[in-house]
Amino acid sequence: MFEIIKKETLAPNIYLMDINAPRVAKSCYPGQFVIVKMDEKGERIPLTICDYDREAGTVTIVFQALGSSTRRMAEYEAGESFRDFTGPLGCKSELVDETPEELKKKKILFVAGGVGTAPVYPQVKWMKEHGVDVDCIIGARNKELIILEDEMKQVAGNVYVTTDDGSYGFQGNVNDCIKDLVHNQGKHYDLVIAIGPVIMMKFVSILTKELGIRTIVSMNPIMVDGTGMCGACRLTVGNQVKFACVDGPEFDGHLVDFDESMKRQQMYKTVEGRTVLREREGVTHKSGGCGCSDD
Ligand code: NAD
Ligand code: FES
């Protein structure tokens, strides 16, 4: 069992929990994810790691209570426990493998959209711990939905907050903010890491392609079981079939076919859609898990 050590409400329907999971805390890296199963019958919920404390043995997760499982998860309180907390899963962020000297040569901009701010945080913290100053945009629909601003300010060189409705910080979406930094404030970037809703990552990638800035995105939102067996997170990157939970979650944003991913996500929601996808994709429908779970 995995005890909830701390629970906080960050914004309406957005929760943070510190979970006692020493083995995961010891071996996880920024970019990876865990699968939470609340109890025997609970759904498997893949969530990107927001922070970890190797000494205390805790892993921090942030989630939005949207579906029935995450709404039920939000009812858990500190002192209660989850049945399973599996991880770390997926590949670590590519930045983790670069030396501080290599990282310091690049001007890096992190773009965090809404709840996507949570998986951006450990990457920016990693940079700070390795002496690398980065810029970070945090975008949300309004002031109430901005999360982890103070935490991010402690680890990023510059934090730019933007809200769609202008209730706080710059007015506009994250792309408006990128354009302002590049065109009006003369900023130059070599690399963008954009994490947020799929539609945001699509439009950030279109913009950065025009600006000639290499871009990494995290396709965590299209995952369902997180094990390579359900086929939900199949996507095309360049001309290759990939699976977000096994090959990612991070990919080159200029190569991801976002439109196909978004269409596929809609189809995957229904039994008929899943049947069509299985027939159409044949052996490439799943990534080669055990093959025993079809629906
Ligand atoms: P949201 O819809 O409120 O969007 C957050 C911000 O993203 C907006 O304020 C805006 O600045 C930007 N954005 C959205 N659409 C855009 C567009 N078309 N063009 C440019 N910018 C745009 O997000 P939310 O409700 O806080 O986030 C929920 C989504 O985040 C879910 O879909 C969830 O799956 C996803 N998420 C992704 C990750 C990840 O690893 N990629 C992690 C956690 C959550
Ligand atoms: Fe099921 Fe990746 S989430 S195959």
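Within region 217-233, which residues are within 11 Å of ligand 1 (Cβ to nearest atom) and in contact with a Phe, Trp or Tyr (Cβ under 9 Å, 6 or more places away or on another chain)?
We begin by selecting, within region 217-233, every residue within 11 Å of ligand 1 (Cβ to nearest atom); these are 217-223.
Hits for region 217-233 are VAL217, SER218, MET219, ASN220, ILE222, MET223.
Being touching a Ser or Thr at 6+ places or on another chain (Cβ under 8 Å) and not in a strand (DSSP E or B) is the filter here, so list the residues in region 167-194 that pass it.
Selection gives GLY169, GLY172, ASN173, VAL174, ASP176, CYS177, ILE178.
Pick out the one residue from GLY67, GLY113, GLY57, GLY87 that is small (Gly, Ala, Ser), surrounded by 15 or more Cβ atoms within 10 Å (Cβ to Cβ) and free of Cβ contacts under 8 Å to residues at least 40 places away in the same chain. Result: GLY57 is the single residue among GLY67, GLY113, GLY57, GLY87 that is small (Gly, Ala, Ser), surrounded by 15 or more Cβ atoms within 10 Å (Cβ to Cβ) and free of Cβ contacts under 8 Å to residues at least 40 places away in the same chain.
When region 232-246 is filtered for residues that are more than 12 Å from PHE33 (Cβ to Cβ), near ligand 2 (Cβ under 6 Å from one of its atoms) and in contact with a helix residue (DSSP H, G or I) (Cβ under 8 Å, 6 or more places away or on another chain), only ALA232 remains.
Scanning region 133-166 for residues that are farther than 22 Å from LYS105 by Cα and either within 16 Å of ligand 2 (Cβ to nearest atom) or in contact with an Asp or Glu (Cβ under 8 Å, 6 or more places away or on another chain) (or both) yields a count of 7. Kindly indicate whether GLU55 is under 23 Å from GLU151 (Cβ atoms) and either out of contact with any helix residue (DSSP H, G or I) (no Cβ under 9 Å at 6 or more places or on another chain) or among the charged types (D, E, K, R) (or both). Criteria met by GLU55. The set of residues from region 28-63 being under 28 Å from ASP252 (Cβ atoms) and part of a loop (DSSP other than H, G, I, E, B) comprises CYS28, TYR29, PRO30, GLY31, GLN32. Looking at region 195-295, the helices (runs of 4 or more DSSP H) lying wholly inside it that each contain 2 or more residues that are among the β-branched types (Val, Ile, Thr) sit at 198-211, 271-281.
Out of region 197-216, which residues are more than 6 Å from ligand 1 (Cβ to nearest atom) and not β-branched (Val, Ile, Thr)?
MET201, LYS202, SER205, LEU207, LYS209, GLU210, LEU211, GLY212, ARG214
Of everything in region 214-231 that is within 10 Å of ligand 2 (Cβ to nearest atom) and under 16 Å from the mean Cα position of the chain (by Cα), the residue that is modelled with the highest pLDDT is MET219.
The values are calculated or read from the model by the stated rules, or taken from the named source; none is laboratory data. Everything quoted here is computed from the prediction, not taken from an experiment. Note that we place each Cβ from the backbone using ideal geometry, even for glycine, and neighbour counts take in every protein chain shown.
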